[in-house]
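Enquirer: First the structure, which I've put down as C-alpha cells, then a few questions once you've had a look.
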Amino acid sequence: MKCLLSFFIVVPVFVFQCFAQTDTDGKKYILDASPFYGSVLLHNPDISHLITEHPSGFILGLSQKRYGQEEWEALYGYPDTGFTFIYQNMQNPTLGEHYSVYAHFNFYLLKRNVQLRVGQGVAYNTNPYDKNSNFRNNAYGTHVLSSTMMMLNYQKDRLWKNLGLKAGFSLIHYSNANFKAPNTSTNTFALNFGFTYDLNPKMNPEFISKQISEKTVEPVKLNLVLRGGVNESDVINSGRYGFWILSAYADKRLGRKSAIQFGADAFFSNFLKELIRLQATSFPELNVASDTDFKRVGLFVGHELFINKMSVETQLGYYVYYPFDFEGRVYNRIGMKRYFADTIFGAISLKSHGAKAETVEFGIGIRL
C-alpha cells in the first residue's frame, strides 16, 4: 500500500512539472488524477468464485481542450481528446492486477459541469489463466486484454489556483474477446474522487461559434468490408484459428453526425470446424454431424456516428444461414472506423452474442 501511495503522489507531480516546463504550442491541457474503489459486477455466474473483495486503484488522465478550430468540435459541444492510464488491483491474487492505457474523448453535459469520458485501449494483466498454477482464473486467458472505460464525473477546474476537483463513478471492462480461452471477462463499477490540474492557467480562449448545417445531402452508398483475425472456442486449449468475414451493406446519411445501415455478413470461422469435430466425436448426445457446415450468413441493421475522421459503428444481426448452433442466432457488433480518404477506411470491432464476445475483428473497407 505504501508503494501504491508513493506512486500515486510522485507520478502526477512529476508529470505536472514536466508539462509545466514544456512548450504546449498554444494548446491547453488538463491533467487529472483519481483514486477509485468499487466492486466486480456479477455479469456471469461462472465468475462468482472470483468476486471476493473490492478492487481499487487510480486513474490518470491528460486531456487537450478543444475550442472549435475544427468544425467537428463545435458539432459535438467542444469535447476534449486525450489519454488515460489506469492501475487496478483486483484484490484477488487469482485475478491479479491491471495496467491499462486508453485513448479517450471527454463530452460535456449540464453547462459543462458534468463530464462523460469514454475510452478504448489495452490492458496488461499480471496473472492470467494457467492450467497448472492459476486454473481458477476463468476470467482472463491472456496477459494482454482489450479494455473499455467510462467515467461520469462532476468536475470543476481551477477552484484554487491551478487545482480543481472531480467526483463520480467509473465502469472498467476487461476482455480478450476469445482470442484465447478462457474469457469470461470482468466489469468493475467504482466510485472515484480526485483532482485536476490546469497546465495553462493563463490560456482561456473563447469557444468558436460556427454556423453548422445539420443537413448532408448524399445518395445511398455501398460499402464492402473484409474483416479477419484469430480466435478460439470456449473449450480451453482447443486451439486458435484464423477467420475472415465478408460484409456488404448500404448506408444512408441522416445528417452531419449519423447514418443508418442495412446489409449482410458471410462468416468463415475456422474455430467452429474444430468445435464441430469435437462435439461430433466426443459428445454424441448433442447429435452434431461431423460434416456440419461451419459457415454462417447474417443480415443486419446498423448505425454509424461520425466524429471527425473517426466513427463509431453499432450493428444488430440475425443469422439466416445457421447450420451449427453457436451462442444463438442474434449477434451484435460495435466498433470504430478511421477514414483515410473519402472512400477508404480501416475498422476494428467487437463481435458478440449479447454479452458473450466471439472475437475482435480487424478490417479494411471501401465506401462507394
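The values are calculated or read from the model by the stated rules, or taken from the named source; none is laboratory data. Every value quoted in this text rests on a predicted model; they were computed, and no experiment measured them. All Cβ positions, even for glycine, are placed from backbone atoms using ideal geometry, and neighbour counts span all protein chains on display.
Enquirer: Quick one: residue 305 ticks every box in (1) among the hydrophobic types (A, V, I, L, M, F, W, C); (2) under 30 Å from residue 75 (Cβ atoms); (3) free of Cβ contacts under 8 Å to residues at least 40 places away in the same chain; (4) surrounded by fewer than 16 Cβ atoms within 10 Å (Cβ to Cβ) except a single one, so which number is it?
Expert: Just one mismatch for residue 305, condition (3).
Enquirer: A further question follows. Which residue pairs have Cβ atoms under 6 Å apart, sit 6 or more places apart or on different chains, and have a first residue in region 325-339 that is in contact (Cβ under 8 Å) with a residue 12 or more places away in the chain and a second that is among the hydroxyl-bearing types (Ser, Thr, Tyr)?
Expert: What qualifies is 330/318; 332/352; 333/349; 334/314; 335/349; 337/311.
Enquirer: For residue 271, are the conditions met, namely being within 28 Å of residue 41 (Cβ to Cβ) and in contact with a helix residue (DSSP H, G or I) (Cβ under 7 Å, 6 or more places away or on another chain)?
Expert: No; evaluated as a whole, the condition is false for this residue.
Enquirer: Another question about this same structure. So, in region 136-161, how many residues would count as being on the phi > 0 side of the Ramachandran plot and buried (at least 23 other Cβ atoms within 10 Å of the Cβ)?
Expert: Qualifying residue count, region 136-161: 0.
Enquirer: If you scan region 31-55, which residues turn out to be assigned to a strand (DSSP E or B) and small (Gly, Ala, Ser)?
Expert: 33, 34, 38, 39
Enquirer: Tell me, please, whether a residue that is under 19 Å from the mean Cα position of the chain (by Cα) and surrounded by 14 or more Cβ atoms within 10 Å (Cβ to Cβ) can be found in region 67-77.
Expert: no
Enquirer: For region 148-201, enumerate the residues that are touching a Pro at 6+ places or on another chain (Cβ under 6 Å) and farther than 30 Å from residue 240 by Cβ.
Expert: Answer for region 148-201, where residues must be touching a Pro at 6+ places or on another chain (Cβ under 6 Å) and farther than 30 Å from residue 240 by Cβ: just 162.
Residue by residue, here is whether (1) closer than 30 Å to residue 356 by Cα; (2) within 16 Å of the chain's Cα centre (by Cα) holds:
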residue: 79; (1), (2): no, no
residue: 98; (1), (2): yes, yes
residue: 103; (1), (2): yes, yes
residue: 119; (1), (2): yes, yes
residue: 128; (1), (2): yes, no
residue: 149; (1), (2): yes, yes
residue: 173; (1), (2): yes, yes
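Enquirer: May I ask you to verify whether residue 55 is over 17 Å from residue 174 (Cα atoms), buried (at least 19 other Cβ atoms within 10 Å of the Cβ), in contact (Cβ under 8 Å) with a residue 24 or more places away in the chain and not assigned by TED's automatic domain parsing to the domain that holds residue 306?
Expert: So residue 55 does not fit the description; no.
Enquirer: Output the number of the condition that residue 242 fails; it satisfies all remaining conditions of (1) part of a strand (DSSP E or B); (2) surrounded by 14 or more Cβ atoms within 10 Å (Cβ to Cβ); (3) not assigned by TED's automatic domain parsing to the domain that holds residue 38.
Expert: The one condition residue 242 does not meet is (2).
Enquirer: Of these, 89, 106, 176, 127, which one is in the same structural domain as residue 65 (by TED's automatic domain parsing), out of contact with any helix residue (DSSP H, G or I) (no Cβ under 8 Å at 6 or more places or on another chain) and surrounded by fewer than 19 Cβ atoms within 10 Å (Cβ to Cβ)?
Expert: Exactly one residue qualifies, and that residue is 127.
Enquirer: Same structure, new question: Out of 164, 194, report the one residue that is surrounded by fewer than 20 Cβ atoms within 10 Å (Cβ to Cβ) and in contact with a Lys or Arg (Cβ under 7 Å, 6 or more places away or on another chain).
Expert: When all the criteria are applied, what remains is 164.
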